[in-house]
Amino acid sequence: MTQSTDLHDLTVAELAQHLRSHKVSAVETAQHFLNRAQQYQHLGAFLDKSPEVTLAQARACDARLAAGTAGPLEGVPMAHKDIFVTRDFATTAGSRMLEGYRSPFDATVVSRLAEAGVVTLGKLNCDEFAMGSANENSAFGPVKNPWDITRTPGGSSGGSAAAVAARLTPAATGTDTGGSIRQPASFCGITGIKPTYGRASRYGMVAFASSLDQAGVLARTAQDCALLLSSMCGPDPDRDSTSLEVPAEDFTLKLTDPIAGLRIGVPAEFFGKGLAPEVRTAVDDALKQYEALGARLVPISLPRTELSIPVYYIIAPAEASSNLSRFDGVKFGHRAKDFKDLNDMYEQTRAEGFGDEVKRRIMIGTYVLSHGYYDAYYLQAQKIRRMIADDFQQAFQQCDVIAGPVAPTVAWPLGGHGNDPLADYLADIFTLPASLAGLPGMSLPVGFDTENLPVGMQLIGNHLTESRLLNVAHRFQQATDWHTRRPQGI
Ligand code: GLN
């Protein structure tokens, strides 16, 4: 039997193998990770845990492992971003509005993983309604970056990234609307993938911007991401009409394919001023490593990269203002106590329940959709969104994947952007374009700055090329060891 202290060092692939061969039980594994979550509580990664539920799930896994009816991920523990609704754990979306809320059902992604044998450790902190880049917009406190607890883990899936980096869970779900899987993965030195828009069902994901929201996964290796994504994705026609009618795929099949001859597009606009020199160096070195592996670098242009910021920060708030109208004190969660009449109840409830950033977005969104401004802002943004998507199609005529930085800097200090939401928005520049185009994107660790903070590289593929992206990332991880580094004290 494995020493239980080693369990958190195993990858998902290794852990699944240990469980299948009865080297360790699902209950032991779950208990080990529950203990770790307790030990590292100060990171603020978890919002809800329920050890009885987790251990009951693990016991059921052990029964299936004994009976020979185990799923591919039987007994592997995971935690979910608190944007996915869960029957057995509270779901808050990081908001007071949903404090104590319990969904009557599980999100499709959660139930698919459970069917594959995953045990749920709990729910992970995130920015309120996934709006943010630093996890500081959570109503339940920020998350600390395990590499430096004075820094942000990134956002909005900050709890997911911190928990994986601190080895409190071998992997976690996340959602990415404009970078919320890729950027925290980069800031925490782990691997994350946002698949093509529509690959994973949005059913049971608390909606932020429905034309952009996409579920994905954060883990330590590309191989683990491939394993988990294979269980998460697939059509869900009865519950999410935007889920693609593309059959579930085994994303592990092409992991080890050779990448000799691969054409990597390097967009000039991703390497301009504003990119921190140490981030640039790490990404440049990674590109050299790819050349050593037989890939060819192709200079490309994504000319509307800068425009993706205003375009995203019009479209996402517009959709959010509509989606968040459902939180009115009647249907879900919080309701104000003292009110004069129905309108007053709505107003008080929303004033009390939503945080500042969410209110800001609702106001911006309502404004850009209002009569007289719709054409000037929303419609214009939609037109440019289309051009951004077309720019990618042009680029993919010359290359197979696109590579560049995930973010202009490493993780910044908590509170470092002060009360300046624009500073957060601008830092999203490299992740927004792929989101607007609905393309799959990943982040993989490629180095550190002089303060030992991780740097991530982004890989962007054309629609439905997740297998290729994961293959490209996996080959890099076979040749390097950045993804195996761990924060001090972890
Ligand atoms: N940082 C971006 C925002 O605040 C992206 C968030 C996300 O992907 N959920 O909207």
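The values are calculated or read from the model by the stated rules, or taken from the named source; none is laboratory data. The shown structure was predicted, so the numbers you read here are calculated from the model rather than taken from an experiment. Positions of Cβ are generated from backbone atoms using ideal geometry, with glycine treated the same way; all protein chains shown enter the neighbour counts. Surface accessibility is based on the protein's heavy atoms, side chains included, excluding ligands, DNA and RNA. Shrake-Rupley method; radii C 1.70, N 1.55, O 1.52, S 1.80 Å.
Does at least one position in the stretch 273-289 carry a residue that is surrounded by fewer than 18 Cβ atoms within 10 Å (Cβ to Cβ) and at pLDDT below 95?
yes
Does GLY415 qualify as being on the phi > 0 side of the Ramachandran plot, in contact with a Ser or Thr (Cβ under 8 Å, 6 or more places away or on another chain) and touching a residue at least 24 places away in the same chain (Cβ under 8 Å)?
Working: on the phi > 0 side of the Ramachandran plot: yes; in contact with a Ser or Thr (Cβ under 8 Å, 6 or more places away or on another chain): no; touching a residue at least 24 places away in the same chain (Cβ under 8 Å): yes.
Considered against the rule, which asks whether it is on the phi > 0 side of the Ramachandran plot, in contact with a Ser or Thr (Cβ under 8 Å, 6 or more places away or on another chain) and touching a residue at least 24 places away in the same chain (Cβ under 8 Å), GLY415 comes out as no.
Would you mind stating whether LEU470 is in a helix (DSSP H, G or I), buried (at least 20 other Cβ atoms within 10 Å of the Cβ) and either in contact (Cβ under 8 Å) with a residue 24 or more places away in the chain or of a type in the set (S, T, N, Q) (or both)? Let's see the steps before the verdict.
Values: in a helix (DSSP H, G or I): yes; buried (at least 20 other Cβ atoms within 10 Å of the Cβ): yes; either in contact (Cβ under 8 Å) with a residue 24 or more places away in the chain or of a type in the set (S, T, N, Q) (or both): yes.
So LEU470 passes the test.
Looking at the stretch 145-173, which of its residues are away from the ligand (no atom under 12 Å from the Cβ), in a loop (DSSP other than H, G, I, E, B) and crowded, with 24+ Cβ neighbours inside 10 Å?
Applying the first criterion (away from the ligand (no atom under 12 Å from the Cβ)) to the stretch 145-173 yields 145-151, 153, 159, 161-173.
Checking which are in a loop (DSSP other than H, G, I, E, B) leaves us with 146-147, 149-150, 153, 166-170.
Across the stretch 145-173, the qualifying residues are PRO146, TRP147, PRO153, ALA166, LEU168, THR169, PRO170.
Please list, ordered by residue number, the helices (runs of 4 or more DSSP H) wholly in the stretch 257-376 having 2 or more residues that are under 28 Å from ASP449 (Cβ atoms). Spell out how you get there, then give the answer.
On the way: elements: 277-292, 308-323, 342-353, 356-369.
Hits in the stretch 257-376: 277-292, 308-323.
Sort out which residues of the stretch 346-362 are in contact with a Ser or Thr (Cβ under 9 Å, 6 or more places away or on another chain) and under 17 Å from GLU99 (Cα atoms), and write them in order of number. Can you show your working first?
First, pick out the residues of the stretch 346-362 that are in contact with a Ser or Thr (Cβ under 9 Å, 6 or more places away or on another chain): 353-355, 358, 361-362.
GLY353, PHE354, GLY355, VAL358 - these are the residues of the stretch 346-362 that are in contact with a Ser or Thr (Cβ under 9 Å, 6 or more places away or on another chain) and under 17 Å from GLU99 (Cα atoms).
ASP224: at pLDDT 95 or above, part of a loop (DSSP other than H, G, I, E, B) and among the acidic types (Asp, Glu), yes or no?
Working: at pLDDT 95 or above: yes; part of a loop (DSSP other than H, G, I, E, B): no; among the acidic types (Asp, Glu): yes.
No: the conditions fail for ASP224.
Pick out the one residue from SER370, SER301, SER322 that is more than 26 Å from GLY274 (Cβ to Cβ), more than 23 Å from the chain's Cα centre (by Cα), open to solvent by 20 Å² or more (accessible area, probe 1.4 Å) and hydroxyl-bearing (Ser, Thr, Tyr). Explain how you work it out, then say what you get.
On the way: SER301 fails: more than 26 Å from GLY274 (Cβ to Cβ); SER322 fails: more than 23 Å from the chain's Cα centre (by Cα).
Sole residue among the options that is more than 26 Å from GLY274 (Cβ to Cβ), more than 23 Å from the chain's Cα centre (by Cα), open to solvent by 20 Å² or more (accessible area, probe 1.4 Å) and hydroxyl-bearing (Ser, Thr, Tyr): SER370.
Given the conditions (1) open to solvent by 20 Å² or more (accessible area, probe 1.4 Å); (2) within 16 Å of the ligand (Cβ to nearest atom), and given that ALA381 satisfies all but one, which numbered condition is not satisfied?
(1)
Which members of the stretch 92-131 meet the condition of being of a type in the set (S, T, N, Q), away from the ligand (no atom under 16 Å from the Cβ) and closer than 29 Å to LYS337 by Cβ?
Of the residues in the stretch 92-131, the ones of a type in the set (S, T, N, Q) are 92, 95, 103, 108, 111, 120, 125.
This time we only want the ones that are away from the ligand (no atom under 16 Å from the Cβ), so: 103, 108, 111, 120.
SER103 - this is the single residue of the stretch 92-131 that is of a type in the set (S, T, N, Q), away from the ligand (no atom under 16 Å from the Cβ) and closer than 29 Å to LYS337 by Cβ.
When the stretch 413-455 is examined, which residues are found to be part of a loop (DSSP other than H, G, I, E, B), within 13 Å of the ligand (Cβ to nearest atom), at pLDDT 95 or above and of a type outside the set (S, T, N, Q)? Full working, then the answer.
Step one: of the stretch 413-455, the residues part of a loop (DSSP other than H, G, I, E, B) are 414-420, 427-431, 437-440, 449-453.
Then keep just the ones that are within 13 Å of the ligand (Cβ to nearest atom); that gives 417, 427-431.
Subsequent filtering for residues that are at pLDDT 95 or above retains 427-431.
ALA427, ASP428, ILE429, PHE430, listed by residue number.
May I ask you to verify whether SER231 is within 28 Å of PRO317 (Cα to Cα) and of a type in the set (Ser, Thr, Tyr)?
Numbers: within 28 Å of PRO317 (Cα to Cα): no; of a type in the set (Ser, Thr, Tyr): yes.
No.
Which of the numbered conditions does ASP176 fail, given that it passes all the others? Conditions: (1) buried (at least 24 other Cβ atoms within 10 Å of the Cβ); (2) in contact with a Phe, Trp or Tyr (Cβ under 8 Å, 6 or more places away or on another chain).
Of the numbered conditions (1) buried (at least 24 other Cβ atoms within 10 Å of the Cβ); (2) in contact with a Phe, Trp or Tyr (Cβ under 8 Å, 6 or more places away or on another chain), the odd one out for ASP176 is (2).
Looking at the stretch 117-144, which of its residues are assigned to a strand (DSSP E or B) and among the hydrophobic types (A, V, I, L, M, F, W, C)? Lay out the reasoning, then the answer.
Going through the stretch 117-144, the residues assigned to a strand (DSSP E or B) turn out to be 119-124.
Listed by number, the residues that qualify are VAL119, LEU121, LEU124.
Considering only the stretch 174-196, how many residues are of a type outside the set (Ser, Thr, Tyr) and within 11 Å of the ligand (Cβ to nearest atom)?
As a first pass, look at the stretch 174-196 and keep what is of a type outside the set (Ser, Thr, Tyr): 174, 176, 178-179, 181-185, 187-190, 192-195.
This time we only want the ones that are within 11 Å of the ligand (Cβ to nearest atom), so: 174, 176, 178-179, 181-184, 194.
Selection size over the stretch 174-196: 9.
Kindly indicate which of ASP236, ASP250 is of a type in the set (Asp, Glu), within 15 Å of THR108 (Cβ to Cβ) and more than 16 Å from the ligand (Cβ to nearest atom).
Working: ASP250 fails: within 15 Å of THR108 (Cβ to Cβ).
Residue meeting the stated conditions: ASP236.
For the structure I just gave you, tell me whether SER211 is part of a loop (DSSP other than H, G, I, E, B), over 23 Å from ALA161 (Cα atoms) and within 16 Å of the ligand (Cβ to nearest atom). I'd like the intermediate steps shown before the answer.
Numbers: part of a loop (DSSP other than H, G, I, E, B): yes; over 23 Å from ALA161 (Cα atoms): yes; within 16 Å of the ligand (Cβ to nearest atom): yes.
Here the answer is yes, as SER211 does meet what is asked.
Give me a count of the residues in the stretch 258-270 that are under 17 Å from SER443 (Cβ atoms) and in contact with a Gly (Cβ under 8 Å, 6 or more places away or on another chain).
3
I'd like to check something: does the stretch 340-357 contain any residue that is more than 22 Å from ALA437 (Cβ to Cβ), among the aromatic types (Phe, Trp, Tyr) and touching a helix residue (DSSP H, G or I) at 6+ places or on another chain (Cβ under 9 Å)? Give the steps one after another, and end with the answer.
Applying the first criterion (more than 22 Å from ALA437 (Cβ to Cβ)) to the stretch 340-357 yields 340-357.
Then drop every residue that is not among the aromatic types (Phe, Trp, Tyr), which leaves 346, 354.
Right, trim to touching a helix residue (DSSP H, G or I) at 6+ places or on another chain (Cβ under 9 Å) and you get 354.
Yes, the conditions are met somewhere in the stretch 340-357.
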